[in-house]
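The values are calculated or read from the model by the stated rules, or taken from the named source; none is laboratory data. Remember, predicted model here, so these are calculated numbers, not experimental data. When we count neighbours, we look across all protein chains shown, and the Cβ atoms used for this are built from the backbone with ideal geometry, even at glycine.
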Amino acid sequence: MAGVHRDTLLRWLRSGSVPEPHRDARGWRVFSPRDTAAVVSYAKGIEPTVDDDPGIRRLQGISWDFATAKTGYLTHNLHPYPAKFIPQIPNALIQELSAVGDTVADIFCGSGTTLLEALQLRRHAVGVDANPLAAMISRAKTTPLETPGLEALEAHRDACRRVAASIEPLTNDLFHGDQPFRSAGWRPAPELSDFWFEPHVVEELAELRHLIDGMTGEAERNLCATVFSSIVVAVSKQDSDTRYVRRDKGLAPGDTIRRYQAQLDTAMAAVQELGALIDEEFSCRVLNADVLEAPDTGPIDLVVTSPPYPNAYSYHLYHRSRLAWLGHDPEQFKRKEIGSHRKYSAKGRGRATPETFQQEFRRIFQWLHERLRDGGYACLVIGDSTIRGERLDNASLLADAGATTGLREVARIKRTIAPTRKAFNPRIGRIKDENILILRKR
Ligand SMILES: C[S@@+](CC[C@H](N)C(=O)[O-])C[C@H]1O[C@@H](n2cnc3c(N)ncnc32)[C@H](O)[C@@H]1O
């Protein structure tokens, strides 16, 4: 009908984007002229158009694979984050679709890739993420430190060095009866710390946390907490960030603190470099908030984001040990997390469906429409996912949700993901490509 594929029409009917027609005695849908007109007008509203903005045309001509590009410059590698995008993607979108002095938002900012790119391109940045870990990393990545802050970090590094030096002799010290190092610092409940960490690692992490908590400057403390969090999985018995399998990593006493010191050195060099590059005039705000609760971002000129995919990750699970060591309750974030595998694989009527995802995005786009400037763009980087064996075209789901809220699709660019990058979702194999969906406020 009206050049619309049957599957697309069914999706629109299921999501309520077009009215459901009457059914005949056999249960077949009978489209009246009015129903048909509604489908035609909806199809026209979301039909990709050739935008007259030369920026869009240039973006369509870019080679988006960036297979050999360097991605770890400045503070980008401060902390691992599942499914973070490569900085070249937001960089190109920000350059083409905004101007110096504009405000660029990432409403699912994760580890802050867009925010850092916006700042270094002389734009203001605002980020939103419901994951407390994401907010901490994003702040650390976008806060340049100058002399007083760096001096405080030097003092902290010295304190760590003293602790490290006090651990090693004790392990062979006959007079102290080989007493292992003990910290008076706080640690998470034994269910987590005893199961996932060697006893000596727990003591060293507790001591590091204690030293970090004692720091007075907020920016320095946040940077050190980020460095601390960045080593938690590496020094645990968890196989990797995305694999919950126990494995003995053969860490000796003192290794945990030494690993922290090495990461801290790298982080200090990176934030110092940032300080020399970022103009004080440009600011970054990070809100640790649920985007469905209309956070107060202020006016936005451009959105560049990579939303969570339905059924792909469970960030609250992958970040469980890091959140626990930082004193956060993963349950709070779990309730807010959009797309989490947990919600889509749950049993019973409470289980999330593709419609849940689309409805959530209708609410988000309505909220965004009020903040985005007229003619402003929202760019969403998203691939497909699989729910109970069915492939889900997420870009189309989002385009449909946008169309009902005044954000119209103007371009959809397919990009191949470099084969060296890990699968987005190990359950459905390596995802080979993703879409850059560009919507524009009418
Ligand atoms: C694909 S990741 C973004 C990664 C980011 N582009 C980067 O480079 O690090 C999606 C993010 O959405 C966040 N998220 C999930 N549900 C949310 C919600 N209700 N409100 C705000 N953020 C949410 C997750 O915590 C996660 O950080």
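Points worth noting:
- Filtering D239, D296 for residues that are within 16 Å of the ligand (Cβ to nearest atom) and free of Cβ contacts under 8 Å to residues at least 24 places away in the same chain leaves a single hit, D296.
- Residue list for the stretch 303-333, filter: hydrophobic (A, V, I, L, M, F, W, C) and either within 15 Å of the ligand (Cβ to nearest atom) or under 30 Å from R388 (Cα atoms) (or both): V303, V304, A312, L317, L323, L326, F333
- All conditions but one from (1) in contact with a Phe, Trp or Tyr (Cβ under 7 Å, 6 or more places away or on another chain); (2) away from the ligand (no atom under 16 Å from the Cβ); (3) at pLDDT 95 or above apply to A130; the one that does not is (2).
- Residues (at positive phi and near the ligand (Cβ under 10 Å from one of its atoms)) located in the stretch 84-119: G110, G112
- Test: residue in the stretch 370-381 that is out of contact with any strand residue (DSSP E or B) (no Cβ under 9 Å at 6 or more places or on another chain) and in the same structural domain as L119 (by TED's automatic domain parsing): yes
- Taken residue by residue, the stretch 34-55 has no member that is touching a residue at least 12 places away in the same chain (Cβ under 8 Å) and within 16 Å of the ligand (Cβ to nearest atom).
- Extreme residue, nearest to the chain's Cα centre (by Cα), among residues of the stretch 205-246 that are outside any strand (DSSP E or B) and acidic (D, E): D241
- Positions within the stretch 353-370 being surrounded by fewer than 17 Cβ atoms within 10 Å (Cβ to Cβ) and among the β-branched types (V, I, T), in sequence order: T353, T356
- Screening S138 against (1) crowded, with 24+ Cβ neighbours inside 10 Å; (2) hydroxyl-bearing (S, T, Y); (3) farther than 26 Å from L326 by Cα leaves a single unmet condition, (3).
- Options V245, V271; residue that is exposed (fewer than 15 other Cβ atoms within 10 Å of the Cβ), away from the ligand (no atom under 16 Å from the Cβ) and either in contact (Cβ under 8 Å) with a residue 12 or more places away in the chain or not assigned by TED's automatic domain parsing to the domain that holds I137 (or both): V245
- Check on R351, over 30 Å from T103 (Cα atoms) and touching a residue at least 60 places away in the same chain (Cβ under 8 Å): no
- Of the residues in the stretch 293-301, none is crowded, with 17+ Cβ neighbours inside 10 Å, outside the structural domain of G375 (by TED's automatic domain parsing) and not hydroxyl-bearing (S, T, Y).
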